Amino acid sequence: MQYIPAVVLGAIGLVILALVLLKLAKAARRFAVTRGHVNAEVGASLGMLKARKAALRIAVRDRFRRTEIDKSTQA
């Protein structure tokens, strides 16, 4: 009968471990969802940044071409 306290403590320990693992799994799921939202937002922002960079590159190229055309027509 001396083994009963050990069995009870073991069972309590397993219940506590299960509860902790369930909370950890819930937190991990929330983290994964949040990470997905953040990745989507960063991806969208990065896409906009790339588009702005391309537009700026085209604007600068057109500006220099216009300057070269103006110089050639003045001569």
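The values are calculated or read from the model by the stated rules, or taken from the named source; none is laboratory data. All values derive from a computational prediction rather than experimental measurement. Note: ideal-geometry Cβ built from the backbone for every residue, glycine included; neighbour counts use all protein chains shown.
Per-residue answers, yes or no, for (1) assigned to a helix (DSSP H, G or I); (2) exposed (fewer than 10 other Cβ atoms within 10 Å of the Cβ); (3) touching a strand residue (DSSP E or B) at 6+ places or on another chain (Cβ under 6 Å); (4) at pLDDT 95 or above:
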| position | (1), (2), (3), (4) |
| --- | --- |
| GLY36 | yes, no, no, yes |
| LEU46 | yes, no, no, yes |
| ARG66 | yes, no, no, no |
| THR73 | yes, yes, no, no |
Query raised in the report: Cβ-Cβ below 8 Å, separation at least six or inter-chain, first residue in the stretch 1-19 and outside any helix (DSSP H, G or I) and modelled with pLDDT under 95, second polar (S, T, N, Q) and surrounded by fewer than 10 Cβ atoms within 10 Å (Cβ to Cβ): which pairs?
Result: none
